[in-house]
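In what follows, a structure is listed as structure tokens, so that the remarks can point back to it.
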Amino acid sequence: MQIRIGYELIYDCPQPTPMILTLNVHYTRASDLVVPDHLTTNPSVPIAGYRDGFGNWCNRIVAPKGRIRLASTAIVRDSGAPDEVVPSAMQHPVANLPEETLVFLLGSRYCDTDHLSQIAWDRFGQTPLGWARVQAICDFVHRHIVFGYEHARPTRTAFEAYNERKGVCRDYAHLAVALCRCMNIPARYCTGYLSDIGVPPPYSAMDFAGWFEAYLGGRWYTFDPRNNVPRQGRILIARGRDAADVAISSTFGANTLVSFAVQTDEMVGASA
């Protein structure tokens, strides 16, 4: 299948404002881009690109005083297969983990493992190792948190989400990531596009989505505690320790987000 993706962000800045934008499809999906996801700005400004420490593609701009429109439209080829489910995937002893996974065992800005360690061991210490343990964590988080855009708060940590029992997809992911790390399972935060392909209506307003990946059986697997079912048409933008590493925009000065829109739709009739 082919999926049309895109976004439009409009900011109002009272003065020239530097921005870092993490909005491009992840390099692991670059070969699937039928139409590339070039960033456009109105008014036009210089754009400088670089890869961050996690391999994500980022763009730097200086937004001028006044309004600026950031937009992109692309087409991505996708298999249409749902998220992989591998109940036999084993958990590795920490001593045997590859070095590149170890950073994803540590606490981070939003995944405050020091506050959740005892809670995690009390609740999941008797669950089977490996896939079953991660799924038990996802099942718990899915039931524990009530979803609502009115509950969004950019400063909420995993421990606060655990106590407040409300939030948006990033809060589900942060809590699950933190609990996995407490149980010695490397887990990393992901952001990207998630379509409604294969999901019955009614459909909610489209947004960027947050999920996570856990390292089991020698590779990373996708888990989504917000939806807690395998989904189709998941298109990765960025990975990191938590949402602080993959913010769609980091702004260095006063600004107002005037308008925000995300598109991700299957192109019916398009060939793969």
In degrees, nearest 10, range 0 to 90: what is the angle between the Cα axis of helix 169-182 and the longest Cα principal axis of the chain?
-> 40
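How large is the Rg to Rh ratio of the stretch 1-120 when both quantities use alpha carbon positions and Rh follows Kirkwood?
1.08
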Would you list 219, 239 from fewest to most Cβ contacts within 10 Å?
-> 219, 239
Using bins 10 angstrom wide from zero, how does P(r) for the stretch 52-154 break down, in % of all Cα pairs?
-> 9, 24, 33, 24, 10, 2
Cα shape, the stretch 229-272, gyration tensor, a/c 1.5 rule = oblate
Could you rank the peptides 226-232, 172-178 by their average count of other C-beta atoms within 10 Å per residue, with the highest value first?
-> 172-178, 226-232
Mind sorting 160, 213, 150 by how few other Cβ atoms lie within 10 Å of their own Cβ, fewest first?
-> 150, 160, 213
For the chain, the longest principal axis of the Cα atoms and the Cα long axis of helix 113-124 enclose an angle in degrees, to the nearest 10, of 50
State the Cα centre-to-centre distance between the stretch 211-272 and the stretch 1-77 in whole Å.
-> 14
Shape parameters for the stretch 50-108, alpha-carbon atoms, Rg then Dmax in Å = 19.6, 55
Restricting to Cα pairs under 8 Å and 6 or more apart, the percent relative contact order of the stretch 63-191 works out to 31
Taking a spot 7 Å from the Cα of residue 69 along the direction of its beta carbon, which residues of the stretch 26-44 have an amide N less than 18 Å from it?
-> 38-44
Taking only Cα atoms, what is the 0 to 90° angle, nearest 10, from helix 131-144's long axis to the longest principal axis of the chain?
-> 70
Sorted by Cβ density within 10 Å, fewest first, the residues 193, 149, 110 | 149, 193, 110
Over all viewing directions the Cα convex hull of the stretch 94-242 casts an average projected area in nm² of 8.7
In nm, to one decimal, how far is the modelled label at residue 90 from the one at residue 30, with both set 7 Å along Cα→Cβ?
-> 3.5
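Every read-out reported here was derived from the displayed coordinates using simple, explicitly stated rules and does not represent laboratory data. It should be emphasised that the depicted structure is a prediction, and the values quoted were computed from it without experimental measurement. In this analysis, Cβ positions are derived from the backbone assuming ideal geometry, glycine residues included, and neighbour counts consider all displayed protein chains.
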